[in-house]
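The values are calculated or read from the model by the stated rules, or taken from the named source; none is laboratory data. Just so it is clear, the model here is predicted, and its values are computed rather than measured. Quick reminder, even Gly has a Cβ in these numbers, built from the backbone with ideal geometry, and neighbours come from all protein chains shown. The area values use the complete protein model at the heavy-atom level, side chains included, leaving out ligands, DNA and RNA. Shrake-Rupley method; radii C 1.70, N 1.55, O 1.52, S 1.80 Å.
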Amino acid sequence: MTTSFLNGERVVVLFFISTILYSLPFSLLSHALSLSLLALASFFLEISVESSISPFLLRTRPGASSGILLGAVTLPSLILSKLIQSSRGLSLGQLQPQEIEYLTLQYWATTASVFTVLLFLAFTLRHSHWALRFTFSFIFFQALLCIAALVTTSQIGLHPALKLLWVFFHGLASVKLIQHFMRTFPSCASIGEAFLVAAGIVLYFGDMLLLTLKKLCGLLVSSELATADDIKRSEINIIIQGLVLGLLLYPIALKYILQIWEWSISTSYSEQRKYYEIGRSLIFFASLGFVLIVIVPLWMQFVQEFHMHPFLWVLSFVFSEPSKRLSLCIYWLCIICVSVLRFYNISKNSKIERILLRKYYHLIAVLMFSPALIFQPKFLDLAFGAALAVFLILEIIRVWRIWPLGQPINQFMNAFTDHRDSDFLIVSHFSLLLGCALPIWMSSGYNDRPLAPFAGILSLGIGDTMASMVGHKYGVLRWSKTGKKTVEGTAAGITSVLAACSLLLPLLASTGYIFTQHWFTLLLAVTVSGLLEAYTAQLDNAFIPLFFYSLLCL
């Protein structure tokens, strides 16, 4: 019975959590207890869900396990790893205490999101299972620990009632978002994948909302919400955050705008399909332009002082070093045009398996992002934000079938999909982009691990690609009877990442980075992330870079 409880994915995740707990200083003991309770609660809930005979209320992606344990612990573990890294910076005098305090508040807000969603999922089960009793018990103790930590500590000077209200907002918003996501895009994600997306968006939005509230409150409660003044935010960070959140909120406004327009037009006009589609398209592009040119920049300027329009600031930033940054843009455009045209033709005419075709894009990510990360990291931050915004706009056009681009974009994107995508939502390109971008964005502040920003590029662009290619061509020994991952592929992935690191570290040292990464820690991080790729049935582009990054920060 114990063997059935501890499958490969769960063993890797539990070992990952144990490694983080072992690395925690004594000052973060309450955080260690919190992560342990979350892991135990999600572990028993996953057992309950996967042993259930009755269908689950939420329609999840076919063929994938629930992934509750993996989805529940990834984001709290990531923030806890950042706390460990930031504690080293504080001891060296390179960080202010306010930054540690705010990161701590984010940790407790994330744990509140996780245990609230776990509670929601536990109540949606249609059967009674012995493991549910443990789940409810651990969730209860986790809630008590969270309340005690928020009341007795002094994160960013907030009143205890405000801190409790803030984390309660994160929990409630996460539940509402995961419900909305699973109902709007049924069968598009596993529970663990939806878990990670919902908690991540709520945390990202909450950070921007806190800055907005600080500005709204003004001098009356400036002592209560001191984070905006004490923690420096770069213009690039605010631009990316405002742009992404604006585009995520835009479909909600678009829905009501189109409804009002449809009610206002005559019946005879609406029956003329051609004119209806043209009018709908004009409203979409006009409203999108207004949001991107007026609403979002005003939000950015409200939370951060820009001496000019934020998009003009972007142009001035690009042209501050025109030879380097424009050359990078030309280099990227050439690679994108050549690779997309080439692989699109191959996908239509060749018998090459689609999973291998998609791995070529992982290699292209290495070619595109590695030089920029070494020589122009700030510009790469901005470029990732722009690429994510373009992807969001294209996906909105595809999902809403906006004339005349909706159908061609849908046909083009379907040429690169696999079993993890659906007609409702195509997520593979988002997961690849974010898998490479998130470690870089999270390393934009204090970072004493030079390999940490490369976590996504190394794990996805090199490790995952080599594992798939070698495993497909030479793999014989499978990790499980039902899975396709092979021991040979995993070994190739781990070896290739270690080889890339051995080449990358001297290059980084030549550009001024100080070598602080221990080889044992690096070997551990590469091995654990490689084993996760071998065992997980979740969207590995989303989880592997975060695991790898978390372990590199220790």
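Suppose we keep only residues that are under 22 Å from GLY200 (Cβ atoms) and assigned to a loop (DSSP other than H, G, I, E, B) within the range 431-483. Which one would you say is most open to solvent (accessible area, probe 1.4 Å)?
Per the stated criteria, the residue is SER444.
Go through the residues of the range 508-518 one by one and say whether even a single one is at pLDDT 85 or above, outside the structural domain of LEU14 (by the TED database), in a helix (DSSP H, G or I) and aliphatic (A, V, I, L, M).
Checked against the condition, which is being at pLDDT 85 or above, outside the structural domain of LEU14 (by the TED database), in a helix (DSSP H, G or I) and aliphatic (A, V, I, L, M), the range 508-518 yields no hits at all.
Among the listed residues ALA499, ALA542, identify the single one that is open to solvent by 20 Å² or more (accessible area, probe 1.4 Å), within 22 Å of the chain's Cα centre (by Cα) and within 21 Å of TYR360 (Cβ to Cβ). Before you say what the answer is, go through the steps one by one.
Numbers: ALA499 fails: within 22 Å of the chain's Cα centre (by Cα).
The unique qualifying residue is ALA542.
Would you tally the residues in the range 5-45 being out of contact with any Leu (no Cβ under 9 Å at 6 or more places or on another chain), touching a residue at least 60 places away in the same chain (Cβ under 8 Å) and not polar (S, T, N, Q)?
Matching residues across the range 5-45 total 2.
Would you tally the residues in the range 373-392 being open to solvent by less than 40 Å² (accessible area, probe 1.4 Å) and either touching a residue at least 60 places away in the same chain (Cβ under 8 Å) or over 21 Å from the mean Cα position of the chain (by Cα) (or both)?
Step one: of the range 373-392, the residues open to solvent by less than 40 Å² (accessible area, probe 1.4 Å) are 373-374, 376, 379-385, 387-389, 392.
Imposing the further condition that a residue be either touching a residue at least 60 places away in the same chain (Cβ under 8 Å) or over 21 Å from the mean Cα position of the chain (by Cα) (or both) reduces the set to 373-374, 376, 379-382, 384-385, 388-389, 392.
Going through the range 373-392 one residue at a time, the tally reaches 12.
Determine if the range 341-349 includes at least one residue that is modelled with pLDDT under 85 and outside any helix (DSSP H, G or I).
No: zero hits.
Answer yes or no as to whether LEU90 is out of contact with any Asp or Glu (no Cβ under 9 Å at 6 or more places or on another chain), without any contact (Cβ under 8 Å) to a residue 40 or more places away in the chain and either of a type outside the set (Gly, Ala, Ser) or surrounded by 19 or more Cβ atoms within 10 Å (Cβ to Cβ) (or both).
Details: out of contact with any Asp or Glu (no Cβ under 9 Å at 6 or more places or on another chain): no; without any contact (Cβ under 8 Å) to a residue 40 or more places away in the chain: yes; either of a type outside the set (Gly, Ala, Ser) or surrounded by 19 or more Cβ atoms within 10 Å (Cβ to Cβ) (or both): yes.
Spelling it out, it is not the case that LEU90 is out of contact with any Asp or Glu (no Cβ under 9 Å at 6 or more places or on another chain), without any contact (Cβ under 8 Å) to a residue 40 or more places away in the chain and either of a type outside the set (Gly, Ala, Ser) or surrounded by 19 or more Cβ atoms within 10 Å (Cβ to Cβ) (or both).
Does the range 55-67 contain any residue that is at pLDDT 85 or above, part of a helix (DSSP H, G or I) and under 28 Å from VAL427 (Cα atoms)?
Kept after step one, since they are at pLDDT 85 or above, are these residues of the range 55-67: 67.
Cutting the leftovers down to part of a helix (DSSP H, G or I) gives us none.
Looking for residues that are at pLDDT 85 or above, part of a helix (DSSP H, G or I) and under 28 Å from VAL427 (Cα atoms), one finds none in the range 55-67, hence no.
Kindly evaluate ILE139 against the criterion of being on the phi < 0 side of the Ramachandran plot, of a type outside the set (Ser, Thr, Tyr), modelled with pLDDT of 85 or more and in contact with a Cys (Cβ under 8 Å, 6 or more places away or on another chain). Walk me through it before giving the result.
Working: on the phi < 0 side of the Ramachandran plot: yes; of a type outside the set (Ser, Thr, Tyr): yes; modelled with pLDDT of 85 or more: yes; in contact with a Cys (Cβ under 8 Å, 6 or more places away or on another chain): no.
For ILE139, the condition - on the phi < 0 side of the Ramachandran plot, of a type outside the set (Ser, Thr, Tyr), modelled with pLDDT of 85 or more and in contact with a Cys (Cβ under 8 Å, 6 or more places away or on another chain) - is not met.
So which residues in the range 279-312 are open to solvent by 20 Å² or more (accessible area, probe 1.4 Å), part of a helix (DSSP H, G or I) and closer than 26 Å to CYS217 by Cβ?
Scanning the range 279-312 gives VAL291, VAL294, ILE295, LEU298, TRP299, GLN301, PHE302.
Looking at the range 140-159, can you tell me whether even one residue there is in the same structural domain as PHE44 (by the TED database), aromatic (Phe, Trp, Tyr) and over 30 Å from ILE295 (Cα atoms)?
First pass over the range 140-159, keeping only residues in the same structural domain as PHE44 (by the TED database): 140-159.
Subset that is aromatic (Phe, Trp, Tyr): 140-141.
Within this subset, residues satisfying the condition of being over 30 Å from ILE295 (Cα atoms) are 140-141.
Taking every residue of the range 140-159 in turn, at least one turns out to be in the same structural domain as PHE44 (by the TED database), aromatic (Phe, Trp, Tyr) and over 30 Å from ILE295 (Cα atoms).
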